[in-house]
Every structure is written in structure tokens, then in C-alpha cells.
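In what follows, a structure is listed as C-alpha cells, so that the remarks can point back to it.
The values are calculated or read from the model by the stated rules, or taken from the named source; none is laboratory data. Just so we're clear, the structure is a prediction, and the values are computed from it rather than from any experiment. Here the Cβ positions follow ideal geometry from the backbone for every residue, glycine too, while neighbour counts run over all protein chains shown.
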Amino acid sequence: MWSLTDFDVLDLPSESYDAIVVGSGAAGLLCGITLEKIGLKVCLLTKERADESSTKLAQGGIAVALPKEDSPDLHFNDTLRAGAGLVKTKMARILTEEGVKRVIDLIQMGAEFETDERGLLKFTKEAAHSVARIVYNKDRTGEEVEKALLKNYHGKLIENAKAKELLIKDNRCYGVIAEVNGELRAFYAPVTAIATGGAAGLYLKNTNPPTSTGDGISMALRYGAVLQDLEFVQFHPTAFCDGDDCFLISEAVRGEGAIIIDKHGRRFMGDYHHLWELAPRDVVTRAIETQKKITGGEVYLDFRPIEKKGIDVYRRFPTITKKLLEKGIDPKKDPVPITPVAHYYIGGIKVDSFGRTNLAGLFAVGEASCTGVHGANRLASNSLLECLVFANRTAYGMYRDWRYLRLSHGEVRIRAKSIPPSNNTSFSLDYVKEVMWEKVGIVRSAKRLTSAIERLTEVVRSNSPWEVRSAAILGLAIATSAMRREESRGGHYREDFPYEREEMRKHSEFSIKDLERLI
């Protein structure tokens, strides 16, 4: 156990519930809603406001096999192809088959998606999909999903509750310690789910909210949960950045016909992949970075072909175009400068198909978890679908385990003293983000990763604030996992090992024992 906070749980004010869910994105909310329907007393903790999550920022939509020309089999095959040989087929089958029902459930909860004049759902297409299968609400689908789920959750909700430590004894979870309004409080429950989102916010340039720094993943690691596939980070190829302030330009823009051009106005993606702009995200990301080096100039996203198809980009993408106009760029007239940035975290807490971790009573769901459904490179718009499908399954997994864990559940004596720093240096969270961006970013190498491991180890051993040391622990685990994978696959690219290697076509794991060897 690696505590970063000094505590004696019996000295803390406490509350008890049947189930605790940490996180208020799509995964956490739907998990809580389902637990409520089953009849459990649920408490949902969230780091800031309930509507502040990566879900809210999701633009594109939800991939689901609802069009008449589509099927779960087709969706399954597209998911496998995008995943670069590492998709767990059982999980992908669950995703594509159960996803149809979960999206219908979401619509019944009040979520609204674009429809045609007959009232039938409209679908758009994104990278690596063989058919148009993505349901959407303009370019603010995530906001619509979040709104519908918040309306349907009626359990206890505590905002501004920062989960800091797990209550673990004898490889069993008894709940969580959270800081609420500056005070540590113990929240007991036979079953606890971590739904705290991903870790793309550990990078200097990213599309995530400030809350997405992998706190829940890092916390689980410190208390013995096994993590999986940490080296796989998905960098979105099309973001607009003003300095380090970046916002996403949805892949749906390319799905509607936008093209990528270099500084000479040349459309170049055909040089890198037969699907051009709709190639898998890792391919498009590296193509943009390569083209920048070749031409010595910027790369742009050109919206004008969409207008030529008779689609008003202002109406189709109101959020994106409004932000661009505020920056002085009119996408109807001007190509938009773009750059790849960190967007989605593929790795996370290793779980089974019902969200269970290796610790009894501890579950994980959403971007904080790693089901293996994305393999080494997530298929566009499968992320919200994963949240819906596995949140439902995790809730039933929690109920099943609650039925017997509750029989021996009670307040336990746990006293923890934080790991003392070995130096008095204090680092900032921005320092960790700079190290991750420069050394563990889009293009990696043994030299860069070695430097990252050395710097992040120093931060972990420092006298830095809790948030900084927690971020550095996960960053160190990511860098180490990237060093171990001596190949390039999906979202992980090593310039010193630029090709896939068959002997490395397997999932990686990282545990507290690996962390102890490093510190």
C-alpha cells in the first residue's frame, strides 16, 4: 500500500452506503442509475461539479449498429481492425451486441439525437468505420448524454469530493477516503467503482477537462490493483491550439468531407493510407507530424469541401465553428491550422467483463478501466458506447458481489502514514505534463523514455503536493510500460522500434510490485 495521505480512518467522519461510485461522467452516472434501479443505496462522488467531465466535451457521437445496412458483426470487425491486433474479442462482441440496447435505453431516458424529416435517426461516419453508424447531436453529443443521465440519477451526489485514498485491507476494498471542502471523510461500502475518467490530461497539450489526470487509476495502483496497457495513449490528429490551450475538432468534420492539406495546399493523406483522412487516428496523427517535418510548415483542416456538398458548417458544427470564429478563423473561408494532441487514454485499471478488478469489492468502469475492447488504438466513437455497455454490466457485477460482501462488511481499522519524501524539492503539475508531452508523447524512444523515468521518479520522491506525486506515479508507470514495449503498435510509436513485432502482440500489465522496484 502506497498512501500519499496520513490518516487513521476511525478518526474521520464517516458515511455508509451499499455502493459508492467515484466519478460523474457517462460511466459513473449510468452505473449509479442502474444500481439505484436494482435497489441499492448509492453515493456518487465527483471531483468538481457533476457536469464537469470528459463526457460533456465529447463532440462526435456514439458508434452503434443501428443503420439497416449495418450489423454488430460489421461493427465488431471494424473495432478489431482499428485495434492493431490487441482487441479482446469477447469484450468487442459484448460492446457491439449489447451496445444497440444501451443506446435505445439512453434515448428512452431522454437523450436526443439528430433525425431526418421522417423522424428516423441520422448517422454520420468517422475514421475506420465501414459504414455510417454514429448517432450524434450536432457537435455536442457528450453534453446531451450527460444531461440525460444527470436527470435520471436520483441517488446521493457529493460534488467537490476529491477521492484520495482507498480503504483496503487484506486485498479487499471497504470504501474510499475523499477530501470534501477541505475535510477528509471516510465513505464505506461493500462495493466501490472507480469511474474517474482517463489520463490524457497528464499531457501538456490535450483535449480533456482539468480533472482528467488519472487520479483514480493512480490511486488504484497504489493500493494493489493491476493496471493494463498503460503505454497506449490515443492522440487526436485534429485539434486547434492557441499556445497550450487546445480544443478538439471532431473527427465527424472529416466524416462529412473536410480534408487535410499541408502548407502548399496539397491533400497528402493518400500518401500514407488508402482511407485518406478517414484512416485510423494513430495513422493520421503520425502522417501530420511527418508532413510538418517534410514541408517545414503547418498542416490545416479544410472545411470548404463540406460547404460544396450543401452542408452549412455553422449549423452542423455550431460549437466548433463558434470557437474558431472567436479565434478569428472562419472555416467557411479559411483552412484551420491543426495539431495532434493527447485525447483518450486506452490503458487503465484491468477489469473483467463485469468491471471487477483483482481486489474484492473494487470495480472500475469507463476510461479509468481497461477492458481490452480498444486494443492498441480505439475505433472512433466507441468510447461513449463502452461507457454505456460496461457501466450497465459493472452495476450488475457490483450487485452480485454486494449480496455476499455485505454480510461481512463493517467499519475496519485502517491507519496509514504517507510515504516520506526523500528530497525537499517541490514540483508543479505543469512540470509533470511537460515531461509527459516531450518524453512520452507521439514519438517515443529509449532515450526519451529513460529521461522521463528519471525525472518522474524524482517527482514521486519529492515534497510535492498530493496531486503532483499522484500524477507522477501514473506517468512513471506509463513511461515504464512504453519502455518495455519494444515495437510500434497503435497509439504507441517507438522511432527506435518502428514496426510491429509478433512476439509483442500481447497485453501488458503493471502492478504495485513494478512501482516498488522503481522507487
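Per-structure values
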item: Some residue of the stretch 23-38 being assigned to a loop (DSSP other than H, G, I, E, B) and among the charged types (D, E, K, R); result: no
item: Qualifying residues in the stretch 500-519 (those that are modelled with pLDDT of 95 or more and in a loop (DSSP other than H, G, I, E, B)) - the one nearest to residue 225 (Cα to Cα); result: 511
item: Close pairs from the stretch 506-519: first closer than 13 Å to residue 479 by Cβ, partner assigned to a loop (DSSP other than H, G, I, E, B) and among the β-branched types (Val, Ile, Thr), Cβ under 9 Å, at least 6 apart; result: 510/226
item: Failed item in (1) surrounded by 21 or more Cβ atoms within 10 Å (Cβ to Cβ); (2) outside the structural domain of residue 251 (by TED's automatic domain parsing), with residue 331 passing the rest; result: (2)
item: Residues of the stretch 436-452 that turn out to be of a type in the set (D, E, K, R), out of contact with any Lys or Arg (no Cβ under 7 Å at 6 or more places or on another chain) and not in a helix (DSSP H, G or I), as a count; result: 0
item: The stretch 344-393 - residue that is touching a Lys or Arg at 6+ places or on another chain (Cβ under 8 Å) and among the β-branched types (Val, Ile, Thr) and, of those, nearest to residue 25 (Cα to Cα); result: 389
item: Top-ranked residue in the stretch 187-209 [being surrounded by fewer than 24 Cβ atoms within 10 Å (Cβ to Cβ) and assigned to a loop (DSSP other than H, G, I, E, B); ranked as nearest to the chain's Cα centre (by Cα)]; result: 209
item: Residues (among the aliphatic types (A, V, I, L, M) and part of a strand (DSSP E or B)) located in the stretch 126-169; result: 134, 135, 157, 158, 161, 163, 166, 167, 168
item: Residue match in the stretch 113-125 (condition: of a type in the set (Phe, Trp, Tyr), within 23 Å of the chain's Cα centre (by Cα) and surrounded by 18 or more Cβ atoms within 10 Å (Cβ to Cβ)); result: yes
item: Matching residues, the stretch 320-369, being assigned to a strand (DSSP E or B) and out of contact with any helix residue (DSSP H, G or I) (no Cβ under 9 Å at 6 or more places or on another chain); result: 337, 350
item: Set 243, 297: member being out of contact with any Phe, Trp or Tyr (no Cβ under 9 Å at 6 or more places or on another chain) and farther than 27 Å from residue 346 by Cα; result: 297
item: Boolean, residue 41 is of a type in the set (Lys, Arg), buried (at least 24 other Cβ atoms within 10 Å of the Cβ) and in contact (Cβ under 8 Å) with a residue 12 or more places away in the chain; result: no
item: Hits in the stretch 258-274 (condition: outside any helix (DSSP H, G or I) and out of contact with any Asp or Glu (no Cβ under 9 Å at 6 or more places or on another chain)); result: 264, 266, 272, 273, 274
item: Filter result for residue 467 (assigned to a helix (DSSP H, G or I) and either of a type in the set (Lys, Arg) or in contact (Cβ under 8 Å) with a residue 60 or more places away in the chain (or both)); result: yes
item: Some residue of the stretch 163-186 being under 13 Å from the mean Cα position of the chain (by Cα) and surrounded by fewer than 21 Cβ atoms within 10 Å (Cβ to Cβ); result: no
item: Subset of the stretch 56-99 [under 30 Å from residue 500 (Cα atoms), in contact with a Gly (Cβ under 7 Å, 6 or more places away or on another chain) and basic (Lys, Arg)]; result: 88
item: Sole exception among (1) assigned to a helix (DSSP H, G or I); (2) under 17 Å from residue 157 (Cβ atoms); (3) at pLDDT below 95 for residue 48, by number; result: (1)
item: Among the residues listed as 218, 212, the single one being in a loop (DSSP other than H, G, I, E, B) and touching a Ser or Thr at 6+ places or on another chain (Cβ under 6 Å); result: 212
